[in-house]
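All remarks here apply to the structure that follows.
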Amino acid sequence: MPLDIVIGAQWGDEGKGRAVDLLAEKSDLVARFNGGDNAGHTVTVGKKIYKLHLIPSGIIHPNTLGVMGSGMVLNPQTLVEEISMLREAAVAINPERLWISDAVQLITPAHRLLDHAQDAALGKAQIGTTGRGIGPAYVDKASRRGLRAGEILEPDFFASHVRAHFDEVNHLLKDWYHQPGLDVDALVKEYLGFNEQISPYIRRIGPLVQGTLNEGKTVLAEGAQGTLLDVEQGTYPYVTSSCTTSAGVFSGLGLGVQSVRKVMGVVKAFQTRVGAGPFPTELEGELANFLRGTGANPWDEYGTTTGRPRRVGWLDLMLLRYAHEVNGFSELFLTKLDVLSGLSGIPVCVAYQRGGRKIDVLDFSGDARLLSRCTPVYETLPGWQEDLRECRNWEDLPTAAQTYVQYIEKQTGLPVQNISVGPERSALITRS
Ligand code: IMP
């Protein structure tokens, strides 16, 4: 009864869609367990590009079932839009194929407004959230007044809970954040309008997920965001509000740990970050533009959800070793190695200097204040000039590219099983 887990090893946007796409082909059920429509998973199949924010991206494989676990926060409007986008792309979405946990927390337009108001109120200390209402929805969950999807199946109770929620946020927005008030009646009416469309998908997911595992079938847990955005282990407070690490799979799907077969860490060949927070290996100027791309291609480094240019920098092996420690990876999936072609040398961060001392193992849990005091110590590896996009076998890679991959393996103690060398599904090197 194998459970495979795909986790972003950096600050999100590692290209998890590629890893999920590869594993989903051989999976019977694909589940999201954390986050909401702050995520953006891009999968390119032939000329079609699928950009999914909420529904597990593995569902584009016709033989999989999709599950949205209780660790998620769900915006009904995004869900309805995504369902119709997938149907237009001829992906079958129906209640037989897509299950939504009755314990999923719901996001409302009021959460979104609150997200904007709260982040703006932080002034210079802004997190730079995606503005999708993620933080406020998780706050409501933790403070035990959140709206759960299962309530939709009890329309009267749900209607009064929704109204109380909008009333409360209205009060907060007006009196605390000095924002214009909400039209509560209109919002309640509009929000309840999604009930009919989403209620057929809502049920207890445990029996389906556990039942699939018990039958010896494969379940794939698709992580959103990345390890360094984890609310506990990430670069706090510049994090998202969910558990993005492998630990989140078990609470977010309501499963025990017995079934785990692999925990695949997805790592970009360099490093990117969206939003604020420390980034020791960050680059600016020409090199940053080189790594980021112009934005002309969908795979350039611009946010899938927000369109914001991503911050870019060299690979940070200190943080990658930390990500391994908090996730227990069994292997790595390296993405975007092709982007590094054309450099004469490639610096990678192997240690930090902090307070006049060299450290090669993090002695704190992500903490942004402490990380911002660290400066990187680099080792420069040889670059290569060849275009890697047509490479399909390990032997096709130039020696310097092989050395780069082997260096990551040596520094992390993990095998790099897959290497993506282009956006296409087929632009992949799988090592035996
Ligand atoms: P939130 O998740 O919208 O609250 O945003 C909190 C932080 O996480 C911000 O820095 C966002 O840019 C970042 N973030 C959230 N989701 C993603 C993602 O899918 N990829 C990259 N960064 C993300």
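For the range 240-262, check the following and say yes or no: at least one residue is polar (S, T, N, Q), more than 14 Å from the ligand (Cβ to nearest atom), more than 17 Å from the chain's Cα centre (by Cα) and open to solvent by less than 40 Å² (accessible area, probe 1.4 Å). The answer is yes, given that some residue of the range 240-262 is polar (S, T, N, Q), more than 14 Å from the ligand (Cβ to nearest atom), more than 17 Å from the chain's Cα centre (by Cα) and open to solvent by less than 40 Å² (accessible area, probe 1.4 Å).
Report, by residue number, each residue of the range 355-368 that is of a type outside the set (Val, Ile, Thr) and either in contact (Cβ under 8 Å) with a residue 60 or more places away in the chain or surrounded by 12 or more Cβ atoms within 10 Å (Cβ to Cβ) (or both). Listed by number, the residues that qualify are Asp360, Leu362, Phe364, Ser365, Gly366, Asp367, Ala368. Within the range 34-46, one or more residues are out of contact with any strand residue (DSSP E or B) (no Cβ under 7 Å at 6 or more places or on another chain), away from the ligand (no atom under 16 Å from the Cβ) and either within 21 Å of Glu331 (Cα to Cα) or part of a loop (DSSP other than H, G, I, E, B) (or both). Restricting the search to strands (runs of 3 or more DSSP E) fully inside the range 342-432 and requiring at least 3 residues that are in contact with a Lys or Arg (Cβ under 9 Å, 6 or more places away or on another chain) and within 22 Å of Leu317 (Cα to Cα) gives 345-354, 416-420.
Conditions (1) touching a strand residue (DSSP E or B) at 6+ places or on another chain (Cβ under 6 Å); (2) at pLDDT below 95; (3) closer than 23 Å to Ala19 by Cβ, marked per residue:
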{"site": "Thr294", "(1), (2), (3)": "no, yes, no"}
{"site": "Glu301", "(1), (2), (3)": "yes, yes, yes"}
{"site": "Thr305", "(1), (2), (3)": "no, yes, yes"}
{"site": "Leu315", "(1), (2), (3)": "yes, no, yes"}
{"site": "Leu319", "(1), (2), (3)": "no, no, yes"}
{"site": "Tyr322", "(1), (2), (3)": "no, no, yes"}
{"site": "Gly342", "(1), (2), (3)": "no, no, no"}
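For the range 116-128, does any single residue satisfy the condition of being crowded, with 20+ Cβ neighbours inside 10 Å and under 23 Å from Thr304 (Cα atoms)? No, that holds for no residue.
Does Leu147 qualify as being crowded, with 17+ Cβ neighbours inside 10 Å and either small (Gly, Ala, Ser) or in contact with a strand residue (DSSP E or B) (Cβ under 8 Å, 6 or more places away or on another chain) (or both)? Criteria met by Leu147. You will find that of Gly58, Gly17, the residue that is within 15 Å of the ligand (Cβ to nearest atom), open to solvent by less than 30 Å² (accessible area, probe 1.4 Å) and part of a helix (DSSP H, G or I) is Gly17 and no other.
So, in the range 63-74, how many residues would count as being touching a Lys or Arg at 6+ places or on another chain (Cβ under 9 Å) and open to solvent by 10 Å² or more (accessible area, probe 1.4 Å)? I'd like the intermediate steps shown before the answer.
Let us first name the residues in the range 63-74 that are touching a Lys or Arg at 6+ places or on another chain (Cβ under 9 Å), namely 64-73.
Those still in the list that are open to solvent by 10 Å² or more (accessible area, probe 1.4 Å) too: 65, 70-71.
The number of residues fulfilling the criteria is 3.
Does Val361 satisfy the criteria of being in contact with a helix residue (DSSP H, G or I) (Cβ under 9 Å, 6 or more places away or on another chain) and at pLDDT 95 or above? Please lay out each step first, then the result.
Details: in contact with a helix residue (DSSP H, G or I) (Cβ under 9 Å, 6 or more places away or on another chain): yes; at pLDDT 95 or above: no.
Spelling it out, it is not the case that Val361 is in contact with a helix residue (DSSP H, G or I) (Cβ under 9 Å, 6 or more places away or on another chain) and at pLDDT 95 or above.
Screening the range 288-304 for residues that are within 16 Å of the ligand (Cβ to nearest atom) and farther than 18 Å from Gly383 by Cβ and picking the one that is most open to solvent (accessible area, probe 1.4 Å) gives Trp299.
The set of residues in the range 75-96 that are touching a strand residue (DSSP E or B) at 6+ places or on another chain (Cβ under 7 Å) and either surrounded by fewer than 17 Cβ atoms within 10 Å (Cβ to Cβ) or of a type in the set (Val, Ile, Thr) (or both) contains only Ala89.
The values are calculated or read from the model by the stated rules, or taken from the named source; none is laboratory data. Remember, it's a predicted structure, so these values are computed and weren't measured experimentally. Neighbour counts are summed over all protein chains in view; Cβ atoms, including those assigned to glycine, are modelled from backbone coordinates with ideal geometry. For accessibility, only protein heavy atoms count, side chains too; no ligands or nucleic acids. Shrake-Rupley method; radii C 1.70, N 1.55, O 1.52, S 1.80 Å.
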